[in-house]
1. Only one of (1) at pLDDT below 95; (2) under 20 Å from residue 94 (Cβ atoms) is not met by residue 38, so which one is it?
2. I need the full set of residues from segment 53-94 which are in a loop (DSSP other than H, G, I, E, B), over 14 Å from the mean Cα position of the chain (by Cα) and either over 21 Å from residue 43 (Cβ atoms) or not charged (D, E, K, R) (or both), in order please.
3. Can you find, within segment 27-84, the residue that is surrounded by the most Cβ atoms within 10 Å (Cβ to Cβ) among those that are under 20 Å from residue 96 (Cα atoms) and among the aromatic types (Phe, Trp, Tyr)?
4. Which members of segment 54-67 meet the condition of being without any contact (Cβ under 8 Å) to a residue 24 or more places away in the chain and not basic (Lys, Arg)?
Amino acid sequence: MPKDQGLVSWKDLAPGMYILEPGNSVKFKTGDWRAYRPVLDKEKCIKCGMCYIFCPDLCYKKDEEGYFIVDLYYCKGCGICAANCPKGAITMVLEEA
């Protein structure tokens, strides 16, 4: 179909069709595609912050007790936090529909 019949050239589209400005990912819920979610066992946790350090999406925040709690709004379920937890305090659990 020619351009004059309603189609827009790919050259006129924004790259990625969604990300129009740098740093705008905080505006979008990105955790809804995960298959597994991290669950913290506070009995095992030593509050070392390794989950915070290794999380590629910066999903962890420190709470008032000193624990690093995941923000499931952004967590993609990669499991890097669980793999790097020295005490095995984080387990990956199948996300329920």
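1. In the conditions (1) at pLDDT below 95; (2) under 20 Å from residue 94 (Cβ atoms), residue 38 misses (1) alone.
2. Passing the criteria: 66, 67, 85, 86, 88, 89.
3. Going through the qualifying residues, I end up with 74.
4. Here is the first cut: in segment 54-67, the ones without any contact (Cβ under 8 Å) to a residue 24 or more places away in the chain are 58, 60-66.
Across segment 54-67, the qualifying residues are 58, 60, 63, 64, 65, 66.
The values are calculated or read from the model by the stated rules, or taken from the named source; none is laboratory data. Bear in mind that the values here come from a model prediction, so they are computed numbers and not experimental data. Note that each Cβ is placed from the backbone with ideal geometry, even for glycine, and that neighbours are counted across all protein chains shown.
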